[in-house]
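Reviewing the structure listed below.
The values are calculated or read from the model by the stated rules, or taken from the named source; none is laboratory data. What you are looking at is a predicted structure, and each value in this text was computed from that prediction instead of being measured. Methodologically, a virtual Cβ is constructed for each residue, glycine included, from the backbone with ideal geometry; neighbour enumeration extends over all protein chains shown.
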(Lines give C-alpha, C1' and ligand atoms only; values in the text may rest on other atoms or scores of the structure.)
Protein backbone atom coordinates (compact mmCIF):
# COMPACT_ATOMS: atom_id res chain seq x y z
CA UNK A 1 0.00 0.00 0.00
CA UNK A 2 2.76 2.40 0.99
CA UNK A 3 4.83 1.53 -2.09
CA UNK A 4 1.87 2.26 -4.40
CA UNK A 5 1.56 5.72 -2.90
CA UNK A 6 5.29 6.31 -3.34
CA UNK A 7 5.06 5.10 -6.91
CA UNK A 8 2.19 7.50 -7.65
CA UNK A 9 4.10 10.36 -6.05
CA UNK A 10 7.23 9.57 -8.06
CA UNK A 11 5.17 9.36 -11.25
CA UNK A 12 3.56 12.74 -10.54
CA UNK A 13 6.97 14.26 -9.86
CA UNK A 14 8.33 12.77 -13.08
CA UNK A 15 5.43 14.17 -15.11
CA UNK A 16 5.87 17.61 -13.54
CA UNK A 17 9.58 17.65 -14.34
CA UNK A 18 8.87 16.48 -17.86
CA UNK A 19 6.36 19.30 -18.40
CA UNK A 20 8.77 21.89 -17.04
CA UNK A 21 11.60 20.74 -19.29
CA UNK A 22 9.36 20.45 -22.33
CA UNK A 23 7.82 23.90 -22.07
CA UNK A 24 8.05 25.94 -25.24
CA UNK A 25 10.73 28.59 -25.77
CA UNK A 26 7.97 31.23 -25.84
CA UNK A 27 6.72 30.20 -22.42
CA UNK A 28 10.27 30.29 -21.04
CA UNK A 29 10.80 33.80 -22.41
CA UNK A 30 7.42 34.95 -21.14
CA UNK A 31 8.14 33.46 -17.71
CA UNK A 32 11.37 35.49 -17.41
CA UNK A 33 9.66 38.75 -18.34
CA UNK A 34 6.75 38.03 -15.98
CA UNK A 35 9.04 37.18 -13.06
CA UNK A 36 11.30 40.18 -13.67
CA UNK A 37 8.53 42.79 -13.82
CA UNK A 38 6.56 41.16 -10.99
CA UNK A 39 9.58 41.34 -8.67
CA UNK A 40 11.16 44.57 -9.95
CA UNK A 41 10.87 47.44 -7.46
CA UNK A 42 11.74 50.34 -9.84
CA UNK A 43 15.34 50.41 -8.62
CA UNK A 44 17.88 49.14 -11.12
CA UNK A 45 20.52 49.04 -8.37
CA UNK A 46 18.91 45.98 -6.76
CA UNK A 47 17.81 44.11 -9.87
CA UNK A 48 17.81 40.31 -9.66
CA UNK A 49 20.85 39.15 -11.65
CA UNK A 50 19.20 35.87 -12.72
CA UNK A 51 16.85 37.77 -15.05
CA UNK A 52 19.35 40.02 -16.86
CA UNK A 53 22.15 39.25 -19.30
CA UNK A 54 25.77 39.32 -18.22
CA UNK A 55 26.33 42.37 -20.43
CA UNK A 56 23.39 44.29 -18.93
CA UNK A 57 24.42 43.33 -15.41
CA UNK A 58 27.94 44.67 -16.06
CA UNK A 59 26.42 47.98 -17.20
CA UNK A 60 24.32 48.10 -14.03
CA UNK A 61 27.39 47.46 -11.84
CA UNK A 62 29.41 50.15 -13.67
CA UNK A 63 26.60 52.70 -13.37
CA UNK A 64 26.23 51.98 -9.64
CA UNK A 65 29.99 52.30 -9.16
CA UNK A 66 30.08 55.69 -10.93
CA UNK A 67 27.13 56.95 -8.87
CA UNK A 68 28.85 55.85 -5.64
CA UNK A 69 32.22 57.34 -6.63
CA UNK A 70 30.70 60.65 -7.63
CA UNK A 71 28.65 60.84 -4.43
CA UNK A 72 31.83 60.27 -2.38
CA UNK A 73 33.80 62.87 -4.37
CA UNK A 74 31.09 65.47 -3.84
CA UNK A 75 30.68 64.60 -0.18
CA UNK A 76 34.40 65.19 0.37
CA UNK A 77 34.56 68.32 -1.81
CA UNK A 78 34.26 72.00 -1.03
CA UNK A 79 30.64 71.74 -2.20
CA UNK A 80 29.21 68.72 -0.35
CA UNK A 81 25.60 69.71 -1.02
CA UNK A 82 25.96 69.55 -4.81
CA UNK A 83 23.99 66.84 -6.56
CA UNK A 84 26.10 63.84 -7.65
CA UNK A 85 25.74 61.94 -10.92
CA UNK A 86 22.63 59.87 -10.48
CA UNK A 87 20.23 57.89 -12.64
CA UNK A 88 16.78 58.96 -11.64
CA UNK A 89 13.53 57.29 -12.55
CA UNK A 90 12.82 53.85 -13.86
CA UNK A 91 15.35 52.44 -16.35
CA UNK A 92 13.33 49.34 -17.26
CA UNK A 93 10.24 51.15 -18.60
CA UNK A 94 9.69 54.30 -20.67
CA UNK A 95 7.84 56.15 -17.93
CA UNK A 96 10.06 57.90 -15.36
CA UNK A 97 7.67 56.84 -12.56
CA UNK A 98 7.57 53.21 -13.68
CA UNK A 99 4.64 50.85 -14.03
CA UNK A 100 1.89 49.68 -11.71
CA UNK A 101 0.83 46.75 -13.93
CA UNK A 102 1.85 45.05 -17.15
CA UNK A 103 0.58 42.61 -19.77
CA UNK A 104 2.62 40.65 -22.28
CA UNK A 105 1.22 41.30 -25.75
CA UNK A 106 3.50 39.44 -28.17
CA UNK A 107 6.59 37.23 -28.07
CA UNK A 108 8.88 36.64 -31.05
CA UNK A 109 11.93 34.36 -31.00
CA UNK A 110 14.63 34.30 -33.67
CA UNK A 111 17.57 32.04 -32.89
CA UNK A 112 19.06 32.98 -29.53
CA UNK A 113 17.23 36.34 -29.34
CA UNK A 114 13.69 37.16 -28.32
CA UNK A 115 11.52 40.25 -28.43
CA UNK A 116 8.58 40.71 -26.10
CA UNK A 117 6.09 43.55 -26.50
CA UNK A 118 4.85 44.51 -23.05
CA UNK A 119 1.97 46.84 -22.32
CA UNK A 120 2.60 48.81 -19.14
CA UNK A 121 0.19 50.88 -17.11
CA UNK A 122 0.69 53.44 -14.40
CA UNK A 123 -2.64 54.10 -12.69
CA UNK A 124 -1.48 57.11 -10.69
CA UNK A 125 -0.37 58.99 -13.83
CA UNK A 126 -3.10 57.52 -16.06
CA UNK A 127 -0.54 56.26 -18.58
CA UNK A 128 -0.56 53.19 -20.83
CA UNK A 129 2.27 52.39 -23.21
CA UNK A 130 4.18 49.56 -24.83
CA UNK A 131 7.92 48.88 -24.58
CA UNK A 132 9.96 46.24 -26.39
CA UNK A 133 11.86 43.91 -24.07
CA UNK A 134 14.80 42.19 -25.76
CA UNK A 135 16.19 38.95 -24.40
CA UNK A 136 19.17 36.77 -25.22
CA UNK A 137 19.71 33.10 -24.54
CA UNK A 138 22.79 32.80 -22.32
CA UNK A 139 23.93 29.35 -21.29
CA UNK A 140 20.48 27.93 -22.13
CA UNK A 141 18.67 30.57 -20.04
CA UNK A 142 16.67 33.47 -21.37
CA UNK A 143 17.73 36.83 -19.92
CA UNK A 144 16.70 40.43 -20.46
CA UNK A 145 19.39 42.30 -22.40
CA UNK A 146 17.70 45.63 -23.12
CA UNK A 147 14.36 47.44 -23.10
CA UNK A 148 13.57 49.69 -26.06
CA UNK A 149 11.49 52.63 -24.86
CA UNK A 150 8.46 54.26 -26.39
CA UNK A 151 9.90 57.45 -27.80
CA UNK A 152 7.00 59.77 -26.87
CA UNK A 153 7.48 59.11 -23.15
CA UNK A 154 11.20 58.63 -22.58
CA UNK A 155 14.13 60.93 -23.25
CA UNK A 156 16.31 57.81 -23.62
CA UNK A 157 16.14 55.17 -26.33
CA UNK A 158 16.66 52.14 -24.11
CA UNK A 159 17.82 50.77 -20.78
CA UNK A 160 21.35 50.26 -22.09
CA UNK A 161 21.50 53.82 -23.47
CA UNK A 162 20.38 55.20 -20.12
CA UNK A 163 23.07 53.24 -18.25
CA UNK A 164 25.74 54.07 -20.84
CA UNK A 165 25.00 57.78 -20.51
CA UNK A 166 26.14 57.83 -16.90
CA UNK A 167 29.02 55.42 -17.58
CA UNK A 168 30.35 57.59 -20.43
CA UNK A 169 29.60 60.97 -18.80
CA UNK A 170 32.05 63.78 -19.34
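I'm trying to understand the selection: among the residues of the range 150-162, which are in contact with a helix residue (DSSP H, G or I) (Cβ under 8 Å, 6 or more places away or on another chain) and closer than 29 Å to residue 27 by Cβ? Quick ask: steps written out before the conclusion?
Step one: filter the range 150-162 for residues in contact with a helix residue (DSSP H, G or I) (Cβ under 8 Å, 6 or more places away or on another chain), giving 156, 159-160.
Result: 159, 160.
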Residue among 93, 100, 115, 107 that alone is more than 24 Å from residue 140 (Cβ to Cβ), surrounded by 15 or more Cβ atoms within 10 Å (Cβ to Cβ) and in contact with a strand residue (DSSP E or B) (Cβ under 9 Å, 6 or more places away or on another chain): 93
Hey, residue 166 modelled with pLDDT under 95, crowded, with 17+ Cβ neighbours inside 10 Å, in contact with a helix residue (DSSP H, G or I) (Cβ under 7 Å, 6 or more places away or on another chain) and part of a loop (DSSP other than H, G, I, E, B) or not: no
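Which one of 93, 103 is within 16 Å of residue 160 (Cα to Cα) and under 17 Å from the mean Cα position of the chain (by Cα)?
Working: 103 fails: within 16 Å of residue 160 (Cα to Cα).
Selected residue: 93, the only one of 93, 103 that is within 16 Å of residue 160 (Cα to Cα) and under 17 Å from the mean Cα position of the chain (by Cα).
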Qualifying helices (runs of 4 or more DSSP H) (wholly inside the range 1-103; at least 3 residues being at pLDDT 90 or above and over 21 Å from residue 168 (Cβ atoms)): 25-39
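Identify, please: which residue in the range 51-62 is touching a residue at least 12 places away in the same chain (Cβ under 8 Å) and surrounded by fewer than 16 Cβ atoms within 10 Å (Cβ to Cβ) and is, among those, nearest to residue 97 (Cα to Cα)? Before you say what the answer is, go through the steps one by one.
Residues of the range 51-62 that are touching a residue at least 12 places away in the same chain (Cβ under 8 Å), as a first pass: 51-56, 59-60, 62.
Checking the rest, the ones that are also surrounded by fewer than 16 Cβ atoms within 10 Å (Cβ to Cβ) come to 54-55, 62.
Details: 54: 26, 55: 25, 62: 23 Å.
Across the range 51-62, the extreme among qualifying residues is 62.
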Pairs, first more than 20 Å from residue 43 (Cβ to Cβ) in the range 63-84, second modelled with pLDDT under 85 and in a helix (DSSP H, G or I), C-beta under 9 Å, six or more apart: 80/74; 81/74; 82/74
Residue pairs meeting the criteria (Cβ under 7 Å; at least 6 apart or on separate chains; first in contact (Cβ under 8 Å) with a residue 60 or more places away in the chain and on the phi < 0 side of the Ramachandran plot, in the range 37-49; second in a helix (DSSP H, G or I) and surrounded by 12 or more Cβ atoms within 10 Å (Cβ to Cβ)): 44/60
